[in-house]
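Take a look at the structure set out below.
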Amino acid sequence: MGIRVFDELDRGGHEGLWFASDPATGMRSIIGIHSTVRGPALGGTRILPYRSTDEALIDVLRLSRGMTYKAAAAGLPLGGGKAVIIADPATAKTPELLKAYGRAVESLGGTYITAEDVGSTVPDMEIVATQTRHVTGLPIESGGSGDPSPATAHGVLAAMHAAAEFIWGSADLDGRSVAIQGVGKVGSELARLLAAAGCRLAVGDTNPRAVESIVAETGARAVATDAILYEECDILAPCALGAILDATTIPRLRCVAVVGSANNMLLGPDDATRLEAASITYVPDFVANGGGIINIAEEFHPNGYSWDRAVVAVERIHDTTLEILSRARSEGANTLQAAEALAESRLSAASV
Ligand code: NAD
């Protein structure tokens, strides 16, 4: 391993890593626990054919840290964790492998709580759940909170209302133009919510069928995938890939605000400064897309999961967003710095 693991843990402020291997099934997993200061470390299981252990390790360190900030920004009593399984989900993801992984999660005794992520599905998590109680996001009929995407879309909408209030002095989105990049699970639901709010929509997706169906449903205008990012609009909503906003793309944007669900949409932290310099109001992705984890957190309620309660909790993203945008303005920071500062203040308050 080329990476100096302890130096990386210290640099990122991670509590620890758990390497699990099961030669009988080929299961090789790394579980990253970034923080349990506010509660058990929650985060999904990413199954990918990483080219090296180092690559998997870097991913788990980065993603688990991001989960801490997401949970803290959402004000949840949860910490941040993430797991990776080094395997090709198309060929190597057997029930036996998933069960071996479930035993690894169980061995951590609830310090880490898992969920689905890239490469893993809800049915996979049902197999994992045969070996451990520490699984979230199961179907509602199995006692879980189901697909988080509708809650994520509601949260993005709440963040958009807050951004509108901050920029234009009214939270009303009626008549506003929104360009959505990616109309998958989150983007399509967001399009429905925005259409109902009276927005004029433009949508782009590499999957033409996804575009066709949302155009038919909402009256959105279809835009070529390579043009959707640069559409002239009030709000750009990236809901597809990460790392799309960088030194090359930001100067070409023609929006007033960026509010979307895509994880890690900035290539790096300097891109928050670039957006600010371009007079574009950026709602940090981990704030805008916190609806999914807020929905999952409702599973821990003593009375069990309830969608009605989850929606009320998700709508608090509005107030969090306004607080972050206002703090950024009054403290002369960019919005990413203000969101990280809010999360860090909640972490230090919890650690005393
Ligand atoms: P999804 O896979 O259902 O949808 C993504 C869509 O983007 C697909 O329709 C895909 O065809 C499209 N796409 C891919 N590349 C594209 C490109 N270059 N240009 C335009 N469209 C492209 O995923 P999702 O669950 O809707 O998640 C969307 C984003 O939100 C991801 O970044 C995800 O990590 C993030 N996110 C999702 C949730 C959730 O609850 N699902 C929660 C938090 C964050």
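No lab work stands behind these numbers, since they all come straight from the coordinates. Just so it is clear, the model here is predicted, and its values are computed rather than measured. When we count neighbours, we look across all protein chains shown, and the Cβ atoms used for this are built from the backbone with ideal geometry, even at glycine.
When the P(r) is computed for region 282-332, the part past 12 Å accounts for 64% of the Cα-Cα pairs. In summary, region 158-294 shows an alpha-carbon radius of gyration equal to 0.95 times the 2.2 N^0.38 Å reference for compact globular proteins. A quarter of the convex hull surface defined by the alpha-carbon atoms of region 97-207 gives 9.1 nm² as the mean projection. A Förster radius of 30 Å, combined with the Cβ-Cβ distance separating N207 from W307, puts the computed FRET efficiency at roughly 0.65.
Per-residue ellipticity at 222 nm, computed for the chain from helices alone with -39500 (n - 2.57) per DSSP H run of at least four residues, works out to -13000 deg cm²/dmol. Rank E141, E126, E55 by mean-square fluctuation in a GNM of the chain with C-alpha springs under 10 angstrom and give only the top-ranked residue. Of E141, E126, E55, the Gaussian network model singles out E141 as fluctuating most. The long axis of helix 208-218 is offset from the longest Cα principal axis of the chain by roughly 50 degrees. Mean separation of Cα pairs under 8 Å and 6 or more residues apart, divided by the residue count, gives region 187-232 a relative contact order of 38 percent. Picking from K70, K82, K99, which is most flexible by a Gaussian network model of the chain using Cα springs under 10 Å? The residue that fluctuates most here is K99. Placing unit charges on the Cβ atoms of the charged side chains and taking the dipole of the chain about its Cα centre, the candidate lying farthest along the positive direction among S107, G79, T36 is S107.
Across R221, R209, R176, mean-square fluctuation computed from a Gaussian network of the chain (C-alpha pairs under 10 Å connected) peaks at R209.
Shape of region 230-352 from its Cα gyration tensor (a ≥ b ≥ c, root eigenvalues): rounded if a/c is under 1.5, otherwise prolate when a/b > b/c, or oblate? The shape class here is prolate. Working value for region 1-153: equivalent-ellipsoid semi-axes of 21, 21, 13 Å, each the square root of 5 times a Cα gyration tensor eigenvalue, largest first. Normalised by the number of residues in region 184-272, what is the relative contact order in percent for Cα pairs under 8 Å and 6+ residues apart? Over region 184-272, the number comes to 25 percent. Charges were assigned to the Cβ only: +1 to each Lys and Arg, -1 to each Asp and Glu. The resulting dipole of the chain about its Cα centre is roughly 240 debye.
Computed over the chain, the alpha-carbon pair-distance distribution with 10 angstrom bins reads 6, 25, 33, 25, 10, 1, 0, each value a whole percent.
Mean sequence separation of contacting Cα pairs (under 8 Å, at least six apart), scaled by the length of the chain, corresponds to a relative contact order of 16 percent.
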